[in-house]
Amino acid sequence: MAARGRSRLELAQAFAGAAGRYWLGVFPQVGHELRHWQRRAQQIPDPALRRAALSTLRCERGNLEGAAAFAVLAPRSMRARVVRAAVAFQATYDYVDSLAEQPCDDPAANGEQLHLALLSAVQPRTAHPDYYRCNPASQDNGYIRQLIDTCRGALAALPSYAIVAEGVLRAVRRMSCYQALHHSSARGPLALWAAGVTPLGSGLHWWETGAGTASSLGVFALFAAAGRPLLAPAEAHALEAAYFPWIGTLHVLLDSLIDRSGDIESGQHSLVGHYRSVEEGAARLSEIAGRAVQATEQLSQSVQHAMILAAMTSFYLSSPEASTPPVELVTARVLETMGTLSTPTMLVLRTRRTAARLGDAAGRARSAGRTRNSSIGLSTCRRAGARR
């Protein structure tokens with residue numbers, strides 16, 4: 001289905017071009033940005049905030065890489081700005097979401113206040129509110145404001161940001177509303193709100209729409225489009241419609257699918273847990289994947305957006321969790337729907353994960369060796385001292 005209207009040669013050329021731009025140009029800058037924010041996070045005086053900032057930068061690196069991947073759609077001269085904006089925005093999202101999950105007196109109010117950071121990040125001329133007003137800790141040495149101001153500065157330098165600004169703001173407002181309601185213990189308000197923003201005729205369940213509102217992919221697609229001079233408003237609207245709900249819904253449902261066992265263990269809300277059976281979940285995610293692929297066909301950079309969709313899907317479905325029962329049934333159905341579109345991205349990501357596992361194993365072996373050698377050295381020193 002995914003390859004309909006697109007030849008294998010066209011897909012191969014698009015993949016090769018996007019991969020070259022990403023690995024040679026975008027990926028190194030992601031590393032540079034990440035190192036900068038890690039150094040900055042280490043300067044946070046409050047230990048709880050410092051741990052949250054450093055942990056999200058380390059554990060959510062895949063999110064940062066995925067956000068920056070959209071820069072391959074921008075003109076070369078604008079890619080660095082798109083990467084900077086995307087990494088700063090996603091780092092802000094991961095950070096405030098992590099804080100919102102921590103215990104506090106009023107989780108809903110705290111989540112809502114923290115997620116104002118996302119709205120500030122995409123509105124260059126607005127004043128900073130007190131993001132930590134409802135949070136137990138607040139001494140971050142200006143960390144969150146620097147993230148936001150970095151995103152703002154990069155966006156303001158993009159030639160067509162004014163064209164996409166309203167669409168970006170709509171997407172971020174949906175994300176902020178979802179997160180504030182998601183972190184509340186009651187599910188009724190979230191279900192009611194999500195049902196109210198479900199596009200007419202989409203046939204989506206409320207939790208599927210909720211997934212679409214939580215996704216940041218549409219924001220990054222609009223960031224990249226803003227790097228193109230003379231962007232037509234119609235193109236910005238088409239991007240917004242493609243990413244919300246279809247691509248965004250698939251994105252967050254796959255994330256929920258891979259995290260389901262962890263969510264159950266920790267008592268977190270699981271979006272895919274609303275399906276009555278594994279079979280129903282597999283059928284729904286397969287259908288949503290098909291609609292997401294169709295949505296890319298309406299865009300001016302159709303093949304490039306399709307490859308990003310395939311890379312996002314493969315990021316989740318190449319994980320070890322995707323091959324475990326009962327997740328493997330959903331994995332098989334979604335990959336069947338994606339067809340040849342996901343073949344190269346699955347190959348690359350599976351290879352990368354295998355290399356990472358081998359590297360981790362080698363690192364553990366070296367660490368064990370160093371520990372043994374240190375123990376031997378320490379023992380020798382003690383014996384020498386005893387002889388004196």
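Each value in this text was obtained by applying a stated rule to the coordinates, not by laboratory testing. Owing to the predicted nature of the structure, the values given are computational and were not obtained by experimental measurement. Backbone-built Cβ (ideal geometry, glycine too); neighbour counts: all protein chains shown.
Brief remarks on what is shown
- Principal-axis tilt of helix 217-226 within the chain, Cα atoms, nearest 10 degrees: 70
- Relative to the longest principal axis of the Cα atoms of the chain, helix 47-59 runs at roughly 60 degrees.
- Among the trypsin sites (Lys or Arg not before Pro) in the range 267-298, those located in a DSSP loop and surrounded by at most 10 other Cβ atoms within 10 Å of their own Cβ are 276.
- Extension reserve of the residue 355-residue 166 stretch, reckoned as 0.36 nm per residue once the Cα distance is removed: 63.9 nm
- Estimated FRET transfer efficiency when R0 is 22 angstrom, pair residue 149-residue 39 (beta carbons, to 0.05): 0.85
- Selection of trypsin sites (Lys or Arg not before Pro), the range 73-161, meeting DSSP coil and at most 11 other Cβ within 10 Å: 125
- Label-point gap, in nm, between residue 173 and residue 294 - each point 7 angstrom along Cα→Cβ: 2.8
- Legend: calculated FRET efficiency, residue 133 to residue 156, from the Cβ-Cβ distance at R0 = 45 Å, rounded to 0.05, equals 0.95.
- Distance from the C-alpha centroid of the range 36-58 to that of the range 272-317: 34 Å, rounded to the whole angstrom.
- When its C-alpha radius of gyration is set against 2.2 N^0.38 Å (N residues), the chain gives a value of 1.04.
- Principal-axis tilt of helix 8-21 within the chain, Cα atoms, nearest 10 degrees: 40
- Efficiency of FRET between residue 9 and residue 241 - r from beta-carbon atoms, R0 30 angstrom, step 0.05: 0.55
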